[in-house]
Amino acid sequence: ARWGLMTHFLAEWIVPSAHKDAAEWNKLVDNFDVKGLAEQLASTGAGYYLITMGQNSGFYISPNSTYDRLVGIKPSKCSRRDLIADLYEALHPKGIRLMVYLPAGAPGRDAAAVKALEWTRGPHPNREFKAKWEQVIREWSQRWGKKVSGWWLDGCYWPNTMYRPPEPPNFATLAAAVRAGNPASVI
């Protein structure tokens, strides 16, 4: 692909009030012009496009029933629209590969999600969190399959305590969750 472009599409950056309101977030996601973006990207010659799925606010650009079940926040902070699937449909005919960005930790500014996912910031094994987060990732990966060519997992802090131990969950189980839908996915 040689080079590409990335967008941080985050509720807290676009409209600060959107990161507190599921209806406002859905409105932003629903109005994302995938065809317009695909035209713009194609005009640059970009070979791939990377977009954030969500970050610290806990709002995501795609539904995820596993996340909703584990976190229990209502209304869901996962969008109704599957923006990733829609982006693929617009980008694929133009030969632009799609990649997604997702933090390796819980949405740090969402206290309810942090608690429900059992996330502890710092050099802790976070075994319960990792097992839950891998379930969330696996659902998205299996839904999108080969539509997503790569994942950028940000914030793999404390790798020696969280990800390198030989017992699962670890880097190997995280990679397996990411590649559940596309074994050739770049991580």
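The values are calculated or read from the model by the stated rules, or taken from the named source; none is laboratory data. Note that the structure is a prediction, hence the values are computed from the model and not measured. Heads up, the Cβs are rebuilt from the backbone with ideal geometry, glycines too, and the neighbour counts pull from every protein chain shown. For accessibility, only protein heavy atoms count, side chains too; no ligands or nucleic acids. Shrake-Rupley method; radii C 1.70, N 1.55, O 1.52, S 1.80 Å.
List of remarks:
- Close pairs from the stretch 25-53: first in contact (Cβ under 8 Å) with a residue 60 or more places away in the chain and closer than 28 Å to residue 75 by Cβ, partner among the polar types (S, T, N, Q) and assigned to a loop (DSSP other than H, G, I, E, B), Cβ under 7 Å, at least 6 apart: 53/62
- The helices (runs of 4 or more DSSP H) found entirely in the stretch 73-187 that carry 2 or more residues being open to solvent by less than 30 Å² (accessible area, probe 1.4 Å) and not acidic (Asp, Glu) are 83-91, 111-117, 127-144, 171-178.
- For residue 5: the one exception among (1) touching a residue at least 12 places away in the same chain (Cβ under 8 Å); (2) outside any strand (DSSP E or B): (2)
- Filter pass, residue 53 being open to solvent by 10 Å² or more (accessible area, probe 1.4 Å) and of a type in the set (A, V, I, L, M, F, W, C): no
- Among (1) touching a residue at least 40 places away in the same chain (Cβ under 8 Å); (2) closer than 22 Å to residue 47 by Cβ - the single one residue 146 does not satisfy: (1)
- Number of the exception - residue 159 against (1) under 26 Å from residue 27 (Cβ atoms); (2) more than 16 Å from the chain's Cα centre (by Cα): (1)
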